[in-house]
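Just so it is clear, none of the values below were taken in a lab; they were calculated from the coordinates. None of these values were measured; they are calculated from a predicted model. When we count neighbours, we look across all protein chains shown, and the Cβ atoms used for this are built from the backbone with ideal geometry, even at glycine.
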Amino acid sequence: DAKTTQPPSMDCAEGRAANLPCNHSTISGNEYVYWYRQIHSQGPQYIIHGLKNNETNEMASLIITEDRKSSTLILPHATLRDTAVYYCIGHGSARQLTFGSGTQLTVLP
Amino acid sequence: NAGVTQTPKFQVLKTGQSMTLQCAQDMNHEYMSWYRQDPGMGLRLIHYSVGAGITDQGEVPNGYNVSRSTTEDFPLRLLSAAPSQTSVYFCASSRTGGASYGYTFGSGTRLTVV
């Protein structure tokens, strides 16, 4: 699966949009981009995934560049409960998820 | 619909003791797996299963055994606990384990080996 690169930490004001970037320049054509988050040592929580097209669900939006080398997770109205470590993962044929260091998002009041 | 249930939530073992971490899912998922997470690190795969009777090793399998006799249950056995196995253990399940479906994680078992 593709190696991903994320900034180690970001801050966001409560109520504002949080935009979390991810670089995955080595992603192959059959690999999906997945986002998970982990709130304070709880189990990781699935957020969203996509292959080529932009995706939106009740939690977030995922914007994937046309060349698929990077993506952005958007939390439209961040709350204090969105403070977590966010993981961007390239997932293809392997029967596993490879977790990197992720981005620590801190939502500030 | 409980999702993925892990028991116990906390456990303290003495070096050399054995124990089994339980994981059960009620979503009829074919794929189940065990990860461990050490302080300040990402999750690492221990073992996984793509269906009843089928298991395979992940990145860090040494010191752990698994079996999958039913679709619902995937227990993780520590045969002789060592301090290096102090960690948080997460069980995850997925419809297939492949890229089309997300994984559902349990809330974790926090294990300390003294």
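What to note about this one:
- Computed from the C-alpha gyration tensor, the three semi-axes of the ellipsoid equivalent to chain A are 22, 15, 12 Å, from longest to shortest.
- Per chain A, cysteines lacking a partner by the 4.7 Å Cβ criterion: A:Cys12
- Counting 0.36 nm for each residue step from A:His40 to A:Ser25 and taking away their Cα separation leaves a gain of 2.5 nm.
- Burial ordering of A:Thr83, B:Thr109, fewest other beta-carbon atoms within 10 Å first: A:Thr83, B:Thr109
- A simple spin-label model places pseudo-atoms 7 Å from Cα toward Cβ; at B:Asn28 and B:Thr112 they are separated by 4.2 nm.
- Computed from label points 7 Å out along Cα-Cβ, the spacing between B:Ala52 and A:Ser93 is 2.9 nm.
- Gained length - A:Ala17 relative to A:Thr79, 0.36 nm times residue gap less alpha-carbon distance: 21.4 nm
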